[in-house]
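> Can you read through this structure? Questions will come right after.
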Amino acid sequence: MDHIVQNIQGIPLNHYLIFCSIVFAIGVIGVLIRRNVIIIMMSIELMLNSVNLLLAAFSAYRGDASGQVFVFFVMALAAAEVAVGLAIVIMVYRNTKSVDLESLSKLRW
């Protein structure tokens, strides 16, 4: 396990900051531009994973494993989010035969 921490610490922290910022920005652009609900969910997961990577990098640089444990909890929460989100998308598709955001406005009362 120590060699993993040494590999993480071998890369400067600002490289992690730049990479995670770029990945997070790609996720934000995907949420703002796309109309497909599945693509939007993938973009949200991309943003969440970039934050997880940054949290793990900060935790490794600090030498504390509590941040890495928190990453596992966030990943479990993200898995539950995806399961519920995909169930909703499947039900919307069965009713409207589309997964675009425009079809969700038809589900109002």
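> Quick check: is even one residue across the range 71-91 in contact with a strand residue (DSSP E or B) (Cβ under 8 Å, 6 or more places away or on another chain), of a type outside the set (G, A, S) and either over 18 Å from L13 (Cβ atoms) or at pLDDT below 90 (or both)? If you could, list the steps in order and put the result at the bottom.
In the first step, residues of the range 71-91 are kept if they are in contact with a strand residue (DSSP E or B) (Cβ under 8 Å, 6 or more places away or on another chain); the result is none.
No.
> Is it fair to say S59 is surrounded by 12 or more Cβ atoms within 10 Å (Cβ to Cβ) and either modelled with pLDDT under 95 or not in a helix (DSSP H, G or I) (or both)? Walk me through it before giving the result.
Values: surrounded by 12 or more Cβ atoms within 10 Å (Cβ to Cβ): yes; either modelled with pLDDT under 95 or not in a helix (DSSP H, G or I) (or both): yes.
Yes; evaluated as a whole, the condition is true for this residue.
> The conditions are (1) surrounded by fewer than 16 Cβ atoms within 10 Å (Cβ to Cβ); (2) out of contact with any helix residue (DSSP H, G or I) (no Cβ under 7 Å at 6 or more places or on another chain); (3) closer than 30 Å to L101 by Cα, and R35 fails exactly one of them. Which is it?
Exception for R35: condition (2).
> Within the range 17-33, does at least one residue satisfy the condition of being of a type outside the set (D, E) and in contact (Cβ under 8 Å) with a residue 40 or more places away in the chain?
no
> Shifting gears a bit: Is the range 51-62 home to any residue that is closer than 21 Å to I11 by Cβ and among the hydroxyl-bearing types (S, T, Y)? Quick ask: steps written out before the conclusion?
Going through the range 51-62, the residues closer than 21 Å to I11 by Cβ turn out to be 51-62.
Filter once more, keeping what is among the hydroxyl-bearing types (S, T, Y): 59, 61.
Yes, some residue in the range 51-62 is closer than 21 Å to I11 by Cβ and among the hydroxyl-bearing types (S, T, Y).
> Oh, and also: Which condition does D64 not pass, out of (1) in a helix (DSSP H, G or I); (2) modelled with pLDDT under 85, if it passes all the others?
Here D64 clears every test but (1).
The values are calculated or read from the model by the stated rules, or taken from the named source; none is laboratory data. In this text the structure is predicted, and so the values were computed from the model without any measurement. So basically every Cβ, Gly included, is an ideal-geometry build from the backbone, and we count neighbours across all protein chains shown.
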